[in-house]
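Reviewing the structure listed below.
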Amino acid sequence: MSKFLELLSSKKILVSDGAWGTELFKLGLKAGECPELWNQTNRNKVFNIAKSYIDAGSDIISTNSFGGSSVKLSHYDLEDKAYELNKIAAEISREAAGDKLVMGSVGPTGKFLMTGDISEEELIKSFTMQVKALLDGGVDAILLETFYDIDEAECAVKAVRKFPDVTLICSFTFDRNSSGEYRTMMGSTPKDVLQAMITLGVDVVGVNCGGGYQNMIDLVTELRDYSHNIPLLVQPNAGLPENINGKIVYSETPKVIENSVKSFLAKGVNIIGGCCGTTPEHIRTIRKVIDEFLLNQ
């Protein structure tokens, strides 16, 4: 059993980290700038984000590599630096984590198989290079996050499975439609996603991004109905972003999310963290709520 699965088995509930993108913007990342290039040009700032989550109580943190596939990096003419930037991302989080664990973050490419934008072979090749770099940099698991296309996720899973015994978490993003039903951008239901990921043999299934902690409670309920006891990861946004006096503000403060985190725990969620707009203070709150929950078990 991997270190990641051993930790999950022993602790039952883990705290992951919060946002990377919105934290990078706070530190000076400009719109249109490549976040992954900061691993090389602003290593200390990236390290400080990783360390801030460890200091806030995260058991596991991710890496600044969400858009690090060669396909995605080609938007910045950086595809030739894909291996290098991902390996550095892993090394930074590995250093910050100390004895805690690291998940290598892999996001979707933005290309669509169904429209012929890209082939399965091209996707698998791109994801394979990224995963190899993250593993070479010292990550303990691979986190496929914010996926919306089951077919693209399957290509990413195939890439990860080229490396034996790697713990794999796969997380999708859903929106709620006018009928109150949850769907990915490609129209897949939570049941569709769970069945596909369980068939592919992923170790943990997750949901991230979306409309906020409160908005995810019903989604988590639906996922748990079909999950067959597979571990669940939940990393919501801090609500929806609002432009207030020219500044982007997220509505769900650390205090606001407390009851939602309690609801996730009651529904058997195993890993809780945050996505866009969440901060080390949100993670500190999640840590507190989980510790109190475990004390009362």
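Annotations for the structure displayed:
- Among the residues here, residue 117 does not qualify as in contact with a Phe, Trp or Tyr (Cβ under 9 Å, 6 or more places away or on another chain), of a type in the set (D, E, K, R) and without any contact (Cβ under 8 Å) to a residue 40 or more places away in the chain.
- Residues of the range 43-86 that are touching a Pro at 6+ places or on another chain (Cβ under 7 Å) and part of a loop (DSSP other than H, G, I, E, B): 64, 67.
- Criterion (closer than 25 Å to residue 273 by Cβ and free of Cβ contacts under 8 Å to residues at least 40 places away in the same chain) met by exactly one of 44, 64: 44
- Tally, over the range 1-19, of residues that are in a loop (DSSP other than H, G, I, E, B), out of contact with any strand residue (DSSP E or B) (no Cβ under 6 Å at 6 or more places or on another chain) and over 17 Å from residue 230 (Cβ atoms): 2
- Considering the conditions (1) of a type in the set (Val, Ile, Thr); (2) under 26 Å from residue 125 (Cβ atoms); (3) touching an Asp or Glu at 6+ places or on another chain (Cβ under 9 Å), residue 92 is excluded by exactly one of them, (3).
- Note on the range 156-207: residues that are more than 15 Å from the chain's Cα centre (by Cα), surrounded by 24 or more Cβ atoms within 10 Å (Cβ to Cβ) and under 18 Å from residue 132 (Cα atoms) total 1.
- The condition of being closer than 26 Å to residue 186 by Cα, of a type in the set (Asp, Glu) and out of contact with any Ser or Thr (no Cβ under 8 Å at 6 or more places or on another chain) does not hold for residue 55.
- Screening residue 119 against (1) under 22 Å from residue 88 (Cα atoms); (2) surrounded by fewer than 19 Cβ atoms within 10 Å (Cβ to Cβ) leaves a single unmet condition, (1).
- For the range 87-176, the strands (runs of 3 or more DSSP E) that sit wholly inside it and include 3 or more residues that are within 23 Å of residue 45 (Cβ to Cβ) are 101-106, 141-147.
- Criterion (small (Gly, Ala, Ser) and out of contact with any Phe, Trp or Tyr (no Cβ under 9 Å at 6 or more places or on another chain)) met by exactly one of 62, 16, 70, 2: 2
Since every read-out is calculated from the coordinates, none of them should be taken as a lab result. From a predicted model like this one, the values you see are computed outputs, not experimental measurements. Don't worry about glycine lacking a Cβ; one is built from the backbone with ideal geometry, like all the others, and counts go over all protein chains shown.
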